[in-house]
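The values are calculated or read from the model by the stated rules, or taken from the named source; none is laboratory data. What you see is a predicted model; the values in this text were computed from it and never measured. Positions of Cβ are backbone-derived with ideal geometry, glycine not excepted, and every protein chain shown enters the neighbour counts. Heads up: the accessible areas ignore ligands, DNA and RNA and are worked out on the full protein's heavy atoms, side chains in. Shrake-Rupley method; radii C 1.70, N 1.55, O 1.52, S 1.80 Å.
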Amino acid sequence: MKNYDVIVIGAGPGGMTGALYASRANLSVLMLDRGIYGGQMNNTAAVENYPGFKSVLGPDLAKDMYDGSTQFGAEFAYGSVEAIEDHGDHKVVKTDDGDYTAKAVIVATGSEYKKLGVPGENEFGGRGVSYCAVCDGAFFKNRDVVVVGGGDSAIEEGIYLAGLASKVTIVVRRDQLRAQKILQDRAFANEKIEFVWDTNVTEILGDEMKVTGVATLNNKTGEKGEIAANGVFIYVGTLPMTEAFTGMGITDDAGWIKTDIDMKTAVPGIFAIGDVRQKTLRQITTAVGDGGIAGQEAFGYIESLKSAAAAK
Ligand code: NAP
């Protein structure tokens, strides 16, 4: 079993920053991820709210962060983490590809897109239903798409899709958006974007091959309707990726990990950062800030283990 000072689970912006800080403090660090580094930055077209860049492509920012985070020796390995065993002064991180030990663990597993939960959603996955405009938007060049949701993701990705599709209809369940004002203003000014308010999508419609539209219900008037579309992009919120950590006493009722301001969870030596953490603002900038704190706090925690061992 390979030993490290710090294992970072998840190599998004938070995890990569945690690895940077811990390795720059001369700790041995392993970042584990079940996919490519970068996390949700890989699904983001333009990032406009990360200082230092007016606008940067998400995957480009991910690559730059990866290069920076590994410059002091932090390693990266593929692995899907199944559990963390707490043995006090060391933790065992169990993955589908073997186990590792570390003195401290930083959980940075992020969140995943929530499903809408309507008939047709699973059936037409990959055949017109998508959760990633950057990945799938090009399939809908000069075609009509529906976007479901009213948060930052729905509006930002709706604007991105309007650059490709002939028409984007954004279906919102209330009469207002949750998204930031700057995104709202941009979407309202975009001639290709139309909003349908107070409306739920009740079914994804399709023929044997692909999506043909959505069935809708106006939740104020009770009126039923249909919107024809070739693609349906669903952005109705996110869920924490914490299935491996339930039962450790570190999550809230909804599954987000609770920490103090130093990113410490209820288990000494286990830290949590970024979108997976119980917090109000989930951004690249806030994940990066969390990562810096956790990397430094992991160093402090390991120093305290050494002091305690020396005092024995
Ligand atoms: P979100 O902020 O939770 O918004 C979810 C949206 O989906 C809300 O409009 C919500 O409506 C709607 N919704 C939820 N369940 C629904 C259902 N069953 N049917 C129809 N609509 C439903 O999620 P998000 O947009 O994915 O953003 C997640 C986090 O990432 C947020 O913290 C966000 O600020 C952040 N983010 C930031 C940026 C950026 O800064 N550029 C970009 C993307 C994401 P209600 O409003 O009625 O609840």
Counting only protein heavy atoms with a 1.4 Å probe and every protein chain in place, the carbon and sulfur fraction of the accessible surface of the chain in whole percent equals 50 percent
The size of the Cβ-based charge dipole (Lys, Arg +1; Asp, Glu -1) of the stretch 115-234 about the Cα centre, to the nearest 20 debye, is 200 debye
Spin-label pair Glu191/Ala311, simplified geometry with 7 Å Cα→Cβ offset, distance in nm: 7.2 nm
Taking 0.36 nm per residue of separation between Glu75 and Thr246 and subtracting their Cα-Cα distance, the length gained on full extension comes to 58.9 nm
Glu85 versus Glu48, label points 7 Å from Cα toward the beta carbon: distance in nm? 5.0 nm
Per residue, what accessible area does the stretch 91-146 have, given a 1.4 Å probe and all protein chains present, in Å²? 44 Å²
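Could you tell me whether the stretch 39-147 comes out rounded, prolate or oblate from its Cα gyration tensor? Rule is a ≥ b ≥ c as square roots of the eigenvalues, rounded for a/c under 1.5, then prolate if a/b exceeds b/c, otherwise oblate.
Because a/c hits 1.5 or more and a/b fails to exceed b/c, the stretch 39-147 counts as oblate.
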To check my understanding: the extent here is largest minus smallest coordinate of the Cα atoms along each principal axis. What are those three numbers for the chain, in Å, largest first? 73, 39, 33
Sort the stretch 115-234 into rounded, prolate or oblate with this rule: let a ≥ b ≥ c be the square roots of the eigenvalues of the Cα gyration tensor; rounded if a/c is under 1.5, and if a/c is not under 1.5, prolate when a/b is larger than b/c, oblate otherwise. oblate
Given a Förster radius of 25 Å and the C-beta distance between Glu203 and Cys132 as r, what FRET efficiency does 1/(1 + (r/R0)^6) yield to the nearest 0.05? 0.70
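If R0 is 22 Å, what FRET efficiency do you get for Asp260 and Gln184 from their C-beta distance, rounded to 0.05?
Approximately 0.05, to the nearest 0.05.
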Provide the packing ranking of 224-236, 2-14, 59-71, 152-164, i.e. peptides ordered by the mean count of other C-beta atoms within 10 Å per residue, highest first. 2-14, 152-164, 224-236, 59-71
What is the spin-label model distance, in nm, from Ala228 to Asn122 if the labels are put 7 Å beyond Cα along the C-beta direction? 3.0 nm
Antiparallel content of DSSP bridges confined to the chain, in %, to 5: 45 percent
Would you mind telling me the antiparallel percentage of the DSSP bridges in the stretch 115-234, rounded to 5? 45 percent
Order of 179-191, 248-260, 276-288 by packing, highest average Cβ count within 10 Å first? 276-288, 248-260, 179-191
Residue separation between Asp99 and Lys210 times 0.36 nm, minus their alpha-carbon distance, gives in nm 35.7 nm
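Distance check, please: which entries in Lys114/Lys279; Lys181/Lys220; Lys63/Lys114 exceed 20 angstrom between their Cα atoms?
Lys181/Lys220; Lys63/Lys114
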